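FYI, it's all coordinate maths here, none of it is from the lab. These figures come from a predicted structure and were not determined experimentally. Because the Cβ atoms are built from the backbone with ideal geometry, glycine has one as well, and the counts that use them run over all protein chains shown.
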Amino acid sequence: MRLLVAEDDLRLGDLLSRTLKEESYAVDWAKDGQEAEWLAFENHYDMIILDLMMPRKDGLSVLKTLRDSGKTVKVMILTAMDTTDDIVKGLDLGADDYLTKPFSVDEILARVRALLRRQTKHRSAVMKVGPLEIDQARKEVVRGGKKLDLTLKEYSLLHYLAANSGRVVSRTQMAEHVWDMDYEPMSNVVDVYVGYLRNKIDKGFEKSILKTVRGHGYMLDA
């Protein structure tokens, strides 16, 4: 899943970005409100973590612009101002959740997982696609009682395919939701990682669940 972190505090922004990347998310980081708004319109994010107090354009104004334009991306607002008014304004403008600073890393990761689950048919912490079980908190994948050893990017790709299980997803969709701004559009990295993933989740098992739909993309289908 691809996230946008909008935070002008360099120390906190770097911490959030690194932590989320270590949890297998693709992350872009905006350091002011105008950059955050521009990135939100330029890219396809599954979630935005939006600080309220930012230079050039504050978070509430960014949120209002996104919602007025019809953007339905999940938004979690961050605020150091622990007042009811700030929280109410954010929620009324269309925020999906909020956190007040300071907060623990474990709490924000749990809230990110919870918000992302709302976008899929998998509401449990463990996603199940046929014989495949994906523990989103532990980042563990099991098939047929066997724990599969995946890299962070392989796990991220599998998680996106599982969130869309039963539906064909194109290479473009996978690139937009699994890779960040460093992705090179002309490369074959998506197909390469699909190959890596297929080798780990299907090889040695009787039935293949990662399927190629020629001319369209790939599908995880049990």
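Go through region 169-196 and give me each residue that's within 22 Å of ALA40 (Cβ to Cβ), out of contact with any Lys or Arg (no Cβ under 8 Å at 6 or more places or on another chain) and surrounded by 12 or more Cβ atoms within 10 Å (Cβ to Cβ).
VAL169, SER170, THR172, GLN173, MET174, ALA175, MET181, TYR183
Would you pick out the residues in region 94-144 that are touching a Lys or Arg at 6+ places or on another chain (Cβ under 8 Å) and under 24 Å from LEU63 (Cβ atoms)?
Correct list: GLY94, ASP96, ASP97, LEU99, LEU115, LEU116, ARG117, ARG118, GLN119.
Is it true that some residue in region 80-95 is among the small types (Gly, Ala, Ser) and in contact (Cβ under 8 Å) with a residue 60 or more places away in the chain?
Residues of region 80-95 that are among the small types (Gly, Ala, Ser), as a first pass: 80, 90, 94-95.
The next check asks that each one be in contact (Cβ under 8 Å) with a residue 60 or more places away in the chain; those that pass are none.
Checked against the condition, which is being among the small types (Gly, Ala, Ser) and in contact (Cβ under 8 Å) with a residue 60 or more places away in the chain, region 80-95 yields no hits at all.
Checking the structure you have, find out if any residue of region 171-184 is in contact (Cβ under 8 Å) with a residue 24 or more places away in the chain and farther than 25 Å from GLU35 by Cα.
Yes: one or more hits.
Given the criteria more than 25 Å from TRP29 (Cα to Cα), small (Gly, Ala, Ser) and free of Cβ contacts under 8 Å to residues at least 40 places away in the same chain, does GLY217 qualify? It would help to see each step written out before you state the result.
Details: more than 25 Å from TRP29 (Cα to Cα): yes; small (Gly, Ala, Ser): yes; free of Cβ contacts under 8 Å to residues at least 40 places away in the same chain: no.
Against the criterion (more than 25 Å from TRP29 (Cα to Cα), small (Gly, Ala, Ser) and free of Cβ contacts under 8 Å to residues at least 40 places away in the same chain), GLY217 does not qualify.
Can LEU20 be described as surrounded by 18 or more Cβ atoms within 10 Å (Cβ to Cβ) and not acidic (Asp, Glu)? Break it down into steps so the answer makes sense when it comes.
On the way: surrounded by 18 or more Cβ atoms within 10 Å (Cβ to Cβ): yes; not acidic (Asp, Glu): yes.
Criteria met by LEU20.
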